[in-house]
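Enquirer: Before anything else, here's the structure in question.
What follows draws every value from the coordinates through simple rules; no lab data is involved. Values in this document were obtained by computation on a predicted structure and should not be read as measured data. Ideal geometry is used to build each Cβ from the backbone, glycine not excepted, and the neighbour counts take in all protein chains shown.
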Amino acid sequence: APSDPDLVARARAAKEKLGDKVFVLGHHYQRDEVIEFADVTGDSFKLARDAAARPDAEYIVFCGVHFMAESADILTGDAQQVVLPDLAAGCSMADMATAEQVAECWEVLTEAGVADATVPVSYMNSSADIKAFTGRHGGTICTSSNAQRALEWAFQQGQKVLFLPDQHLGRNTAVRDMGMSLEDCVVYNPHKPNGGLTPEQLRAATMILWRGHCSVHGRFSLDSVNDVRERIPGVNVLVHPECKHEVVTAADYVGSTEYIIKALDAAPAGSKWAIGTELNLVRRLANRFADQGKEIVFLDKTVCFCSTMNRIDLPHLVWALESLVAGKVVNRIQVDEETEHFAKLALERMLMLP
Ligand code: CIZ
Ligand code: SF4
C-alpha cells in the first residue's frame, strides 16, 4: 500500500530540520516505507560500521531490531546516541540465548572438563550480553559472510567451538563449508538439564551448537525447494545460511543478504531465481531487477516477513524523528560500560580475522 502522504511529508520535514545531526540506518529487511528514508541500507554489521564512520551524526536512528541497535551503540562513539523507533522490535533468535542460560552452559562445559578447550563463536544476531560472554571467554563474533573464517580461527585457539545462537548457521558452516560431519555436531538445549547432553557427548563433539534458530529463515523447507523446482524449470535456488541444513544442501547457492544482492545483480537477463530470505528484501529485489528481465520469486508460498522487523513502520519513524526535532531522545539503546568493553573485544577479534 502507498504510504500516508501526510506521514511522508512529516518524515521528510523532520529529517530536513535535523540535517547532518541525524543518520538513519535501514536494515535490508525493513519495509519500503521505512527504507525510503534510510541514508544507508545494509546488513547489521555494515550498518553499525557505517554509523561509526559518521561521528558528526549525533543521532543514529536504527531501523532494524534491538541487537543491531546495541551493536551500533558498541561500535559508535559516546557522543552518538542510538535510537530504536520501536522498543518491541526484538529478534526471536537473539532472545533464544540469555546471559543466564549461557553462563549455565559454560558451567556444564566446565563440569564436563571441556570448557578450557572450547572457544565461543557468536553470530552477530545476539544480544550485547552474549557478545560480552564471547569476548570474556576468548571468542569472536561472526557474520554470515565470515563464519567460516571465524571457525577456522577458533579451531586454532582450541579443540571445540561453542556456536551461538543460530544452530543452522553453525551446522551449515561446519558441515557444508568445512567438511565436518553431522556427527561432529551436538545441540545444546538450554531448556534441558545439562543442555540435554552427557559429559561423554560433550567430550566427543567438535561443534557444540546452541539450540537457537531464526523464526523466518527456519521456516523454509525441503518441500519448498522441490516445489519451486517443479513450478519453475531451470530456476536457481539461492538461500541464506540461517536456513535448515536440508534446505541449504538442496539449494544451488548459499549466502548472506549482501551475497544475495550481489548474485542477483550479476545474474544474466532471462535467468530465474527463487530466494530464501526475508520477504521485504526479496520483493524489493524482484522489483528492482524486473526491468532487466530477471525473474525473482520468493522461495516459499507462505508469507514470511520478519514480524519484529516489521514493527518499525513509518508512524514509529516519524515519532522518533519528530521527538529528536523537539530535543527529546526517545527509545535510546545504551549498552553498559562493562558489557560494551567485552562485547567490543569479541567484535575486534572478528575485525582481525585473516
Ligand atoms: O537474519 C538476519 O536478521 C540477518 C541476516 C541480519 C543481519 O543483517 O546480520
Ligand atoms: Fe531475527 Fe530472523 Fe528476524 Fe533476523 S529475520 S531479526 S534473525 S527473527
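Enquirer: Using +1 on the beta carbon of Lys and Arg, -1 on that of Asp and Glu, and nothing else charged, what's the dipole of the chain about the Cα centre, debye to 20?
Expert: For this selection, approximately 640 debye.
Enquirer: To continue, here is another question. Which one, Lys262, Lys344, Lys294, has the greatest fluctuation when you compute a Gaussian network model over the chain with C-alpha springs under 10 angstrom?
Expert: Looking only at Lys262, Lys344, Lys294, the biggest GNM fluctuation is shown by Lys262.
Enquirer: Pairs of Cα atoms under 8 Å, at least six residues apart: use those to get the relative contact order of the chain, whole percent. Before the final figure, lay out the partial values.
Expert: Working: 715 pairs, mean separation 78.9, N = 354.
22 percent.
Enquirer: Distance from the Cα centre of the stretch 201-236 to that of the stretch 62-130, in angstrom?
Expert: About 23 Å separates the Cα centre of the stretch 201-236 from the one of the stretch 62-130.
Enquirer: Over the Cα atoms of the stretch 217-298, each weighted equally, I'd like the Debye log10 I(q)/I(0) at q = 0.14, 0.19, 0.24 Å⁻¹, rounded to two decimals.
Expert: -0.39, -0.74, -1.20
Enquirer: Put +1 on the Cβ of each Lys and Arg and -1 on the Cβ of each Asp and Glu in the stretch 1-95; which of Phe45, Ala94, Ala9 then has its Cα farthest toward the positive end of the dipole?
Expert: Ala9
Enquirer: While we're here: Modelling each spin label as a point 7 Å along the Cα-to-Cβ direction, I'd like the Tyr253/Asp223 distance in nm, to one decimal.
Expert: 2.8
Enquirer: Another question, then. Among Met68, Gly234, Leu347, whose Cα lies farthest out toward the positive end of the dipole of the chain, if unit charges sit on the beta carbon of Lys, Arg (+1) and Asp, Glu (-1)?
Expert: Gly234
Enquirer: Under 10 Å, Cα contacts only: if you run a Gaussian network model on the chain, which one of Gly64, Gly138, Gly26 comes out with the highest mean-square fluctuation?
Expert: Gly138
Enquirer: By the scheme Lys and Arg +1, Asp and Glu -1, what is the net charge of all other residues having a beta-carbon under 9 Å from that of Ala128?
Expert: -4
Enquirer: Taking other Cβ within 10 Å of each residue's Cβ, how do Ile232, Ile296, Ile275, Ile35 sort, fewest first?
Expert: In increasing order of surrounding Cβ atoms, one gets Ile232, Ile35, Ile296, Ile275.
Enquirer: Once each part is reduced to its C-alpha centroid, what is the distance from the stretch 1-27 to the stretch 314-354 in angstrom?
Expert: 19
Enquirer: Continuing with this model, one more query. To the nearest 20 debye, what is the magnitude of the charge dipole of the stretch 217-298 about its Cα centre, counting +1 on the Cβ of each Lys and Arg and -1 on the Cβ of each Asp and Glu?
Expert: 180
Enquirer: For the chain, just run the numbers: alpha carbon Rg, then divide by 2.2 N^0.38 Å, N being how many residues it has.
Expert: Dividing the Cα radius of gyration by 2.2 N^0.38 Å gives 1.01.
Enquirer: Relative contact order of the stretch 217-298: what whole-number percent is it, with Cα pairs under 8 angstrom and at least 6 residues apart?
Expert: 29
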